[in-house]
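> For reference, the structure I am asking about is given below.
What follows is calculated from the coordinates using simple rules that are stated; it is not laboratory data. None of these values were measured; they are calculated from a predicted model. So basically every Cβ, Gly included, is an ideal-geometry build from the backbone, and we count neighbours across all protein chains shown.
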Amino acid sequence: MILLGALAWSAYIFRTSKLAKSYSEVNLQFTKTALLALMYGAWFLTTAASTLASAGTSFLSTGWVEALTPLWSGWNSPVVWLLLAYSAVGPGAVADLLQQQGQKETSASESNIILCMESVFAAVCAFVLLGEVSSMKEMVGGFLIVVAAILASK
């Protein structure tokens, strides 16, 4: 699964580099968000139907909200919805728009290396800001990811 995830990520980076030169960042972001919303919506509906079937109820009967509450216990909290909206706009949409703008200016190989450095940046920020120290296993894993990205880009 991890290798498939890495393959999908690399394919995404290379496709985005190619598409970013032909389409506006906003159109790409809208398309990506719409497709992900459809996939996550289908995932939720499948999980909800399975949960309701296990509880012996359906969307048409009373008690379906209580049956689905364990899927996301914070669904009725305004603070949770505000945090969700913030994370969708800030780190989600804005970061993607900036990434796509950057990928217009660099090659797919360079983009892949830069984006694979995310784990290194996260480790450095965790150390500087939070005082976290990575374990040897984490450092070796991060090193292997970076080396793999560099080798794959040649």
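> On a 0 to 90 degree scale, rounded to 10, what angle separates helix 136-152 from the longest Cα axis of the chain?
Around 70 degrees separate the two axes.
> Can you pull the one-decimal nm distance between simple spin-label points at ALA8 and SER135, each 7 Å off the Cα toward Cβ?
2.6
> Continuing with the same structure: How many lysine pairs in the chain, separated by 8 or more positions in sequence or lying on different chains, have Cα atoms less than 26 Å apart?
For the chain, qualifying lysine pairs total 8.
> Along the Cα→Cβ direction, 7 angstrom out, place labels at LEU98 and TRP64. What is the inter-label distance in nm?
Going from the LEU98 label point to the TRP64 one covers 4.1 nm.
> Below 8 Å between Cα atoms, with a sequence gap of 6+, how large is the relative contact order for the chain in percent?
31
> If you project the alpha carbons of the chain onto the principal axes, what extent comes out on each, in Å, largest first?
Extents along the principal axes, in whole Å: 58, 42, 30.
> Please work out how much length the chain gains when fully extended from THR33 to CYS125, using 0.36 nm per residue of separation minus the C-alpha to C-alpha distance, in nm with one decimal. Let's see the in-between values first.
On the way: separation 92, 0.36 × 92 = 33.12 nm, distance 2.80 nm.
Extra length available between THR33 and CYS125 comes to 30.3 nm.
> Can you list, bin by bin at 5 Å, the percent of alpha carbon pairs in the range 86-140, starting at 0?
Bin by bin from 0 Å, the calculated values are 4, 17, 17, 19, 19, 15, 8, 0.
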